[in-house]
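What follows is a short report on a single structure.
The values are calculated or read from the model by the stated rules, or taken from the named source; none is laboratory data. Note that the structure is a prediction, hence the values are computed from the model and not measured. Cβ atoms come from the backbone with ideal geometry, glycine included; neighbour counts cover every protein chain shown.
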Amino acid sequence: AQSVTQLGSHVSVSEGALVLLRCNYSSSVPPYLFWYVQYPNQGLQLLLKYTTGATLVKGINGFEAEFKKSETSFHLTKPSAHMSDAAEYFCAVRDPGNQGGKLIFGQGTELSVKP
Amino acid sequence: DVKVTQSSRYLVKRTGEKVFLECVQDMDHENMFWYRQDPGLGLRLIYFSYDVKMKEKGDIPEGYSVSREKKERFSLILESASTNQTSMYLCASSLWVGGNQPQHFGDGTRLSIL
């Protein structure tokens, strides 16, 4: 069964520093991939989604993610962190053949940004 | 923009009560989902629905039921609430199932069972 691993339940960076949030999936068949962000006391908001053929995906708020099939990874990056980026981030995958098209979520990574 | 509205942001109920959580979407989406979110466990799917009056069990359906009488509305029911159902509940919808179609989420209902 497909699984998603987000390395690090908590990541802390300084304002202006690079943000790197890691996501690895388990399937040998590349799934559909998504990153969501959840601000305190809110629901999940789509940051970006993987589209077949594009290894680098750009999302909202300056975030982007790189799909690496050989590493079964879809890490999320942002060149310069802003205080407003403090939130929880979820990686999610959907297998192409998954009955029901369910999304499988990682456990989440909480990003803190220090001034 | 898709709007998914959950009727309550915070809810406090007592053990044994029957609890209804309501969710409405305004984009004529076919599919709707209920998740619960707990620290360290991410999101876990409770139930989902492909169409009116249709429902499918997710990964953790025990203790819950759902109702979808109209396309835009999907209700989660806790038949007899227990303290281990204290959690954040998130509703989502999507235009269709599969592919790179994303799910759109409501703001969540934080439910406490005393």
- Query: Has region A:76-99 got any residue that is within 15 Å of B:Pro102 (Cβ to Cβ), at pLDDT below 95 and touching a helix residue (DSSP H, G or I) at 6+ places or on another chain (Cβ under 8 Å)?
  - Reply: yes
- Message: Can you confirm whether B:Leu90 is within 8 Å of another protein chain (Cβ to nearest Cβ) and at pLDDT 95 or above?
- Response: yes
- Query: Within the bounds of region B:55-67, is there any residue that is at pLDDT 95 or above and among the polar types (S, T, N, Q)?
  - Reply: yes
- What is the one condition in (1) farther than 29 Å from B:Val2 by Cα; (2) exposed (fewer than 14 other Cβ atoms within 10 Å of the Cβ); (3) more than 11 Å from chain B (Cβ to nearest Cβ) that A:Ala1 does not satisfy? (3)
- Among the strands (runs of 3 or more DSSP E) contained in region B:38-104, which hold 1 or more residues that are surrounded by fewer than 20 Cβ atoms within 10 Å (Cβ to Cβ), touching a residue at least 40 places away in the same chain (Cβ under 8 Å) and touching a strand residue (DSSP E or B) at 6+ places or on another chain (Cβ under 7 Å)? B:73-78, B:87-94
- Message: Quick check on region B:74-87. Is at least one of its residues within 11 Å of another protein chain (Cβ to nearest Cβ) and either among the small types (Gly, Ala, Ser) or closer than 30 Å to A:Gly53 by Cα (or both)?
- Response: no
- Message: out of contact with any Phe, Trp or Tyr (no Cβ under 9 Å at 6 or more places or on another chain), part of a loop (DSSP other than H, G, I, E, B), at negative phi and in contact (Cβ under 8 Å) with a residue 24 or more places away in the chain: is that true of B:Asp107 in this structure?
- Response: yes
- Item | Considering residues of region A:15-31 that are modelled with pLDDT under 95 and not in a strand (DSSP E or B) only, the residue farthest from the other protein chains (Cβ to nearest Cβ) | A:Ser28
